[in-house]
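All remarks here apply to the structure that follows.
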Amino acid sequence: MTTCRPFFLFTAAVIAPMLATAADDPSTSTARPYEITEEREPCSNFTPLKQPLFGDTHVHTSLSFDANGQNTRNRPADAYRFAMGERMGIQPYDDEDNPQRFIQLDRPLDFVSLSDHAELLGEVNLCTTPGTWTYWHPVCVAHRSSGTLSMILLAGRSLGFRSRWGFCGDKGEHCLGKAGSVWEEIKRSAEEAYDRSSSCRFTSFVGYEWTASMDEGKNLHRNVVFRNERVPKLPSSWIETPSASALWDHLDRDCLDAGEGCDVLTIPHNSNISSGLMFRSAKIEESAAPHPEVDAAEAKRRQRMEPIIEIMQHKGSSECDVVAGWSNDETCGFETLAYDSFGGGRPSMFTPPAQLPAANNFVRWALTEGLRQQQTLGVNGLKYGIIASTDTHIAAPGLTTEDAAHPGHGGFGKGEGAATTNEFADNIEFGPGGLAVAWAEENTRDSIFEAMLRREVYGTSGTRPTVRFFGGWDYPETLCDSPEMVAQGYAAGVPMGGDLPAKTENADAPRFVVAAMKDAGSATVRGLPLQRIQIVKGSLKDGEHHETVFEVAGGDNGASVDLATCEPKGQGAANLCSVWSDPDFDASTPAWYYARVLENPSCRWSQYTCNAAGVDCNDPASVPEGLSACCSESHKATIQERAWTSPIWYTPTGS
């Protein structure tokens, strides 16, 4: 790991433009630097230098077959109200159907895209609505009685064999027809939640999840996000579109080329459990060849359809892994899983047995492999911006706080949560997940969607630090001290997600300015100080991947945690900033750079649970059977929350 530390603490003059929340005159929509595709009032808080908006693009409600099978009862409207700050009851329920747990965000979100599974939307509705002709069908009874049986029978047939049960009709017409009415609820709930007034308090996107076959537990799922209310008549499921390429065909035909103002993008799931297939050809599931080659046309299409990727959610992080090849970067051990597919976590449901994750499961590998595509195909199909989200299956967008009250997000975790205080509420290797952050002029669908398309986004592991990242050639070394830092960042270079402009005549190497402010916290959740900022560089030399981590601000400050009380110990920074130049720059070599911001360590949710139960690892009698993992050597008692910016790319002239 290479170290370079010309860094500064922010002055008060720098903090205001970094947040960039001062409002411009919003009286005319022509001031917006993007196409307006919807009817709404202009936001009173319109910010040309952009503001950070925090959201979640991966949210399941009771409409999803797996969430429904684990007794999630909250619907889209409930999820939106929760995201806006309302208290919500969740499973388990007592005999009188009263929820036994209640949750509430410490701070509302700015935006949400729900992602209920397109697969089985109709079947779940038919199986759970009394009076339907299918309600007492054995498969429906199994679905209502057991989440595991539901996965084996209801979902197993559709996702394993691409076929529907007979009650759907010869061509699936009964279930597809019912899916249409559920889709109407999804659209209606999004419209009712969207604040079209000048207050712009909350933005909701119409969306869904395309859930690819989980053959042998491989996860190749995508979340689909529409720009506005003009969407296809039905979401496309894996049953009808058996590959990501086929999904894009559907979205081209029924959205982008329909001539009705529909716009869309897709977001790959966190890739850590994709068995190394997420970054291969998008035609892999429908091709006779085991590993079809990616051509220039597919790479170009992928770059447009998938501008961003989910680097973390409640089932772990997908940046990199010490085990998979990044042993020189100790921070790559962050919230990683010990397996590369769903089969690792639930070996009784999938075969083959768990495999250790390989490098090609991770975003960092994909970013560098994208440089190879640029060289060989002339286009980089793996040019990803970075976000994070929760993948909640309890309809709880943005619920990312690490504490003893973490209820577990379900999915392949413990959907009903802990039955007592002497159990973990989720699989211990899972966590609360992360958040997506968009640098947008205003809190509207058009503005946030444009931020996603241009990759001016970043992901966090669940906290809310504010991070800026710019790249150029001629930034002054004193830029961190300037009240015009953000304006100059845009004027003389590009923000996160962009491509470096052509090299200037007198520049030896690109310069980057990265600035971060700690999470301010809330009345109930404390924001932790920042420890350091790193810049991660990837390049392709002689056909080989090369990646280096540079320390550019802050550093090892000795901060720690008292595990018995979860009180943080040590000092940190409220804000950090650095103007950094690549000391190893080679103008003939393509490269990418992203910033990683680390907070001081804190307790992980699982340690809070251990403490709340009175576990003392020196006293075996104090350790309940359900919490024995508290005293395991593999238990991660602490977590170092972080943020990852989207990369900035350098391409040599003529490439």
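Condition check ((1) under 30 Å from residue 42 (Cβ atoms); (2) touching a helix residue (DSSP H, G or I) at 6+ places or on another chain (Cβ under 6 Å)) across all residues:
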site: 120; (1), (2): no, yes
site: 124; (1), (2): no, yes
site: 134; (1), (2): no, yes
site: 151; (1), (2): no, no
site: 162; (1), (2): no, no
site: 187; (1), (2): yes, no
site: 191; (1), (2): yes, no
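For the range 185-197, indicate whether the set of residues that are modelled with pLDDT of 95 or more, of a type in the set (S, T, N, Q) and assigned by TED's automatic domain parsing to the domain that holds residue 388 is non-empty. Scanning the range 185-197 turns up at least one residue that is modelled with pLDDT of 95 or more, of a type in the set (S, T, N, Q) and assigned by TED's automatic domain parsing to the domain that holds residue 388. For residue 655, the criteria (1) hydroxyl-bearing (Ser, Thr, Tyr); (2) under 29 Å from the mean Cα position of the chain (by Cα); (3) closer than 30 Å to residue 493 by Cβ; (4) at pLDDT below 95 hold in every case but one, which is (2).
With the requirement that a residue be touching a helix residue (DSSP H, G or I) at 6+ places or on another chain (Cβ under 8 Å) and of a type in the set (Val, Ile, Thr), what does the range 496-530 give you?
Step one: of the range 496-530, the residues touching a helix residue (DSSP H, G or I) at 6+ places or on another chain (Cβ under 8 Å) are 513, 515, 517.
The one that is touching a helix residue (DSSP H, G or I) at 6+ places or on another chain (Cβ under 8 Å) and of a type in the set (Val, Ile, Thr): 513.
Residue 226 passes every criterion in (1) under 22 Å from the mean Cα position of the chain (by Cα); (2) touching a residue at least 60 places away in the same chain (Cβ under 8 Å) apart from (2).
Each residue in the range 57-81 was checked for being aliphatic (A, V, I, L, M), outside any loop (DSSP other than H, G, I, E, B) and crowded, with 24+ Cβ neighbours inside 10 Å, and 3 of them qualify. Counting just the residues of the range 488-521 that are exposed (fewer than 15 other Cβ atoms within 10 Å of the Cβ) and among the polar types (S, T, N, Q), which one comes out farthest from residue 449 (Cα to Cα)? Step by step, filter the range 488-521, then rank; the result is 506.
A quick yes/no check of all residues on (1) closer than 17 Å to residue 475 by Cβ; (2) under 27 Å from the mean Cα position of the chain (by Cα):
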| position | (1), (2) |
| --- | --- |
| 487 | yes, no |
| 494 | yes, yes |
| 514 | yes, yes |
| 536 | no, yes |
| 551 | no, yes |
| 571 | no, no |
| 581 | yes, no |
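Of everything in the range 609-624, what is of a type outside the set (D, E, K, R) and surrounded by fewer than 13 Cβ atoms within 10 Å (Cβ to Cβ)? Give them in sequence order. Reasoning before the result, please.
Narrowing the range 609-624 to residues of a type outside the set (D, E, K, R): 609-615, 617-618, 620-624.
Scanning the range 609-624 gives 618, 620, 621.
Residue count for the range 303-325, restricted to those that are within 24 Å of residue 380 (Cα to Cα) and either at pLDDT 95 or above or surrounded by fewer than 19 Cβ atoms within 10 Å (Cβ to Cβ) (or both): 15.
Of all residues in the range 551-583, none satisfies the criterion of being surrounded by 13 or more Cβ atoms within 10 Å (Cβ to Cβ) and among the basic types (Lys, Arg).
With respect to residue 464, is the statement that it is surrounded by fewer than 24 Cβ atoms within 10 Å (Cβ to Cβ) and under 22 Å from residue 81 (Cβ atoms) true? Give the steps one after another, and end with the answer.
On the way: surrounded by fewer than 24 Cβ atoms within 10 Å (Cβ to Cβ): yes; under 22 Å from residue 81 (Cβ atoms): yes.
Yes, satisfied.
When you look at residue 504, is it part of a loop (DSSP other than H, G, I, E, B), at pLDDT below 95, touching a Gly at 6+ places or on another chain (Cβ under 8 Å) and of a type in the set (Val, Ile, Thr), yes or no? It is false that residue 504 is part of a loop (DSSP other than H, G, I, E, B), at pLDDT below 95, touching a Gly at 6+ places or on another chain (Cβ under 8 Å) and of a type in the set (Val, Ile, Thr). Considering the range 196-236, the residues that are in contact with a Phe, Trp or Tyr (Cβ under 9 Å, 6 or more places away or on another chain) and among the polar types (S, T, N, Q) include one that is nearest to residue 276 (Cα to Cα), namely 219.
If you go through the range 167-184 and keep only what is under 27 Å from residue 219 (Cα atoms) and part of a helix (DSSP H, G or I), you end up with 168, 175, 176, 178, 179, 180, 182, 183.
Evaluate the range 462-474: report whether one residue or more is out of contact with any strand residue (DSSP E or B) (no Cβ under 8 Å at 6 or more places or on another chain) and among the acidic types (Asp, Glu). Looking through the range 462-474, none of the residues is out of contact with any strand residue (DSSP E or B) (no Cβ under 8 Å at 6 or more places or on another chain) and among the acidic types (Asp, Glu).
Of the residues making up the range 610-635, those that are in contact with a helix residue (DSSP H, G or I) (Cβ under 7 Å, 6 or more places away or on another chain) and under 20 Å from residue 430 (Cβ atoms) are 610, 613, 615, 627, 630, 635. Can residue 474 be described as closer than 30 Å to residue 147 by Cβ and in a loop (DSSP other than H, G, I, E, B)? No: the conditions fail for residue 474.
Identification of strands (runs of 3 or more DSSP E) wholly contained in the range 193-265 with 3 or more residues that are farther than 30 Å from residue 44 by Cβ yields 207-210, 222-226.
Could you say whether any residue in the range 254-262 is within 22 Å of the chain's Cα centre (by Cα) and not β-branched (Val, Ile, Thr)? No, there is no match, as no residue in the range 254-262 is within 22 Å of the chain's Cα centre (by Cα) and not β-branched (Val, Ile, Thr). For the range 265-284, filtered to residues that are buried (at least 24 other Cβ atoms within 10 Å of the Cβ), in contact with a strand residue (DSSP E or B) (Cβ under 9 Å, 6 or more places away or on another chain) and of a type in the set (A, V, I, L, M), the residue that is nearest to residue 303 (Cα to Cα) is 267.
The values are calculated or read from the model by the stated rules, or taken from the named source; none is laboratory data. None of these values were measured; they are calculated from a predicted model. Quick reminder, even Gly has a Cβ in these numbers, built from the backbone with ideal geometry, and neighbours come from all protein chains shown.
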